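Here the structure is laid out as structure tokens; the discussion comes afterwards.
The values are calculated or read from the model by the stated rules, or taken from the named source; none is laboratory data. As the structure is a prediction and not an experimental result, all values here were calculated from the model. Don't worry about glycine lacking a Cβ; one is built from the backbone with ideal geometry, like all the others, and counts go over all protein chains shown.
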């Protein structure tokens, strides 16, 4: 995570229903040069952030208690905003439910790997 200049100004949405994990993710992404556009613990809160401020990329916890983040993924996909799922669910569960083809990383996560995977979402984009 030494080269964070390429992510400066990139606004990331963090969707995570566990407050401790959300704060950890915020620290990881800020240290990598991202600007945190917002943190949401529910679908409604995430959609409100998406509708109110620019988002360049998102990291979505799949299971948000009584709901999943699939509606958020659909909105981001329609807006051509890259995202990945970071989930305690197995990759198979997420991919079986999702009708988009997302990147899926498992919890617990290695910060450097998560940042690198998030950066890779920008390959081929200006």
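When we screen 55, 66 for residues that are assigned to a loop (DSSP other than H, G, I, E, B), loosely packed, with under 15 Cβ neighbours inside 10 Å and modelled with pLDDT of 90 or more, the only hit is 66. When residue 12 is tested against (1) free of Cβ contacts under 8 Å to residues at least 60 places away in the same chain; (2) not in a helix (DSSP H, G or I), only condition (1) is not met. Select, from 77, 71, the only residue that is touching a helix residue (DSSP H, G or I) at 6+ places or on another chain (Cβ under 9 Å), free of Cβ contacts under 8 Å to residues at least 60 places away in the same chain and not in a loop (DSSP other than H, G, I, E, B). Residue meeting the stated conditions: 71.
Restricting attention to segment 111-126 and to residues that are surrounded by fewer than 12 Cβ atoms within 10 Å (Cβ to Cβ) and in a loop (DSSP other than H, G, I, E, B), the residue that is modelled with the lowest pLDDT turns out to be 126.
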